[in-house]
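Q: Submitted below is the structure of interest, expressed as structure tokens.
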Amino acid sequence: MIYLDHNATTPVDPRVVEVMLPLFTERFANPASKHAPGQEATRIVERARREVASLAGARPREVVFTSGATEAANLAIGGVLATAEPGRRRILVGATEHPAVLGAADAAVSAGDATAAERIAVHPDGTIDVDDLRRRLGPDVALVAVMAANNETGAVNDLRPLVEPVHSAGALLLCDVTQALGRIPVELEQTGVDLAVASAHKLYGPKGVGALIASKDAWPRLAPRVHGGGQERGLRAGTLNTAGIAGFGAAARIAAESMADDGRHQGELTALLTALLTETLAKRLGPGAVELNGPDRARLPNTVNLRFVGAGADEVQACAPRVAISAGSACSGGGDEPSHVLLAMGRTATEARESLRFSLGRATTTEEIRTAADLVARAVLRVRSLSQSTPIQDEVRDDNRALRTA
């Protein structure tokens with residue numbers, strides 16, 4: 001199997017596992033305990049806090065450990081609304097945000113905590129439309145959510161032009177840095193972002209741990225959503241997941257050390273993959289057989305989203321079972337709806353359903369990319385040929401069944 005779905009999740013780095021293992025059986029004390037083993041656990045947690053903060057360009061005291069970016073997004077959105085003035089209850093969210101952010105914003109409206117969760121338009125390349133954001137801002141806006149990098153297209157937003165208008169309106173800026181952290185430089189304090197969310201499992205850390213990073217100015221405007229023992233300075237109750245947090249810290253430290261080399265390596269392979277697919281299919285199907293979804297340059301180095309004209313993404317995946325790729329976000333529930341990201345960028349439902357995301361990883365090789373390009377190109381050609389005369393899904397299902405029983 002050639003795994004090209006690293007934006008969905010990454011394998012845990014063996015060096016991270018090595019850090020975590022002793023914390024399950026040997027150094028397992030509760031970091032809230034006052035005895036020596038507990039204080040040792042506290043030191044482990046605080047070391048990880050410093051490592052995560054360093055990678056994000058933030059201060060250690062600003063890092064609140066959670067179970068993942070989804071919980072962090074809910075804490076950020078719900079926590080800000082819980083302290084907002086009665087006349088400041090509107091939320092603005094980028095139209096291409098991750099379902100974790102969109103879902104939390106819409107849930108706040110349903111619960112009556114927010115008056116509206118308006119979508120900020122994006123340009124055809126998926127980057128945020130700053131002019132549309134400016135038009136929507138007003139004194140009733142509590143929070144603006146714009147991601148650093150998109151999980152489906154890799155589109156990278158320049159956050160600097162957003163900070164001044166958002167702060168001038170009296171609102172806070174929330175940024176989902178889940179896909180950006182460890183892949184491109186993130187400087188939250190320097191940029192002026194108030195709140196950020198991240199997950200360890202996107203940067204070769206364990207699942208089940210993430211963080212909300214809240215600036216000193218944003219902290220007083222947050223209220224806890226989970227109540228109990230007062231951990232994480234009273235903002236997120238519950239016994240800390242010491243092993244997971246230590247793994248997050250180790251993954252952040254390793255990412256900081258290898259980010260430049262990883263980015264260069266993955267950028268070269270992403271360009272090679274795109275070129276091989278485009279050239280191969282153009283020879284067989286003519287120019288325009290492959291289209292890029294997203295920016296040509298302002299994009300994560302490991303990510304490319306391509307439309308294969310006339311070939312449904314699900315069918316292409318079925319015809320290339322040796323390549324793990326995605327037709328959208330792994331967190332969208334697995335439904336048959338076209339990508340909300342691509343629709344927001346102006347793609348039709350048909351065009352969106354013909355698009356696939358390739359997200360490379362630290363260990364991806366040139367040989368794997370050449371093989372994957374060949375397999376996917378063959379799959380596209382097969383789907384195109386089948387679509388001329390037969391129901392593709394039935395044909396592919398029959399062929400795969402025959403292969404399994406052969």
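Every number in this text was worked out from the coordinates using simple rules, so none of it is lab data. Keep in mind it's a predicted model, so treat the numbers as computed, not measured. Reconstructed Cβ throughout: ideal geometry from the backbone, glycine too, with neighbour counts over all protein chains shown.
Q: As an exercise, identify the trypsin sites (Lys or Arg not before Pro) in the stretch 162-216 lying in DSSP coil whose Cβ has no more than 11 other Cβ atoms within 10 Å.
A: Filter output for the stretch 162-216: 216.
Q: Now for a different question. Between residue 385 and residue 9, what's the calculated FRET efficiency when r is the beta-carbon distance and R0 is 35 Å? Round to 0.05. Spell out each step's value before the answer.
A: Values: r = 33 Å, r/R0 = 0.96.
Efficiency computed from Cβ-Cβ geometry: 0.55.
Q: Kirkwood hydrodynamic radius of the stretch 38-193 from all distinct Cα pairs, in Å?
A: Kirkwood radius, the stretch 38-193: 16.2 Å.
Q: Can you give the Kirkwood hydrodynamic radius for the stretch 272-317, in Å, rounded to one decimal and based on Cα pairs? Display every interim value, and only then the final one.
A: Details: mean 1/r = 0.0875 Å⁻¹.
About 11.4 Å, per the Kirkwood formula over Cα pairs.
Q: Using the Cα centre of the chain as origin and beta-carbon charges of +1 (Lys, Arg) and -1 (Asp, Glu), tell me which of 109, 241, 340 is placed farthest towards the positive end of the dipole.
A: Highest projection toward the positive end goes to 241.
Q: Using every Cα-Cα pair within the stretch 185-290, state what percent have a distance larger than 24 Å.
A: Roughly 49 percent, once rounded to a whole number.
Q: Here's something else I'd like to know. Using a simple spin-label model with points 7 Å from Cα along the Cα→Cβ vector, what separation in nm is obtained for residue 291 and residue 59?
A: 4.8
Q: Which of the aspartates and glutamates could be linked to residue 207 by a straight reach, that is with a Cα gap under 14 Å, when you skip same-chain ones fewer than 8 residues away?
A: Qualifying aspartates and glutamates at Cα under 14 Å: 13, 71.
Q: Given contacts defined as C-alpha pairs under 8 Å and at least six residues apart, what's the relative contact order of the chain, whole-number percent? Don't jump to the answer; show the numbers that get you there.
A: Working: 795 pairs, mean separation 88.5, N = 406.
Normalised by residue count, the contact order of the chain is 22 percent.
Q: Measure off 7 Å from each Cα along the Cα-to-Cβ vector at residue 371 and residue 225, then give the distance between these two points in nanometres to one decimal.
A: Result: 4.2 nm between the two label points.
Q: Let me ask something additional. Take the chain, mark every one of the GluC sites (Glu not before Pro) that falls in a DSSP loop and has at most 13 other Cβ within 10 Å, then report the longest stretch left between them, sites excluded. Don't skip to the answer; put the middle values down first.
A: Values: sites that count: 26, 187.
In short, 188-406.
Q: If you work out semi-axes √(5λ) of the Cα gyration tensor in Å from the coordinates, which of [x] 37, 26, 22; [y] 38, 27, 18; [z] 33, 25, 17 do you get?
A: [y]
Q: Read phi for every residue in the stretch 202-207 and hand back ³J(HN,Hα) as whole Hz from Karplus 6.51 cos²θ - 1.76 cosθ + 1.60, θ = phi - 60°, with x for Gly and Pro.
A: Karplus-based 3J(HN,Hα) across the stretch 202-207 equals 8, 10, 6, x, x, 6 Hz.
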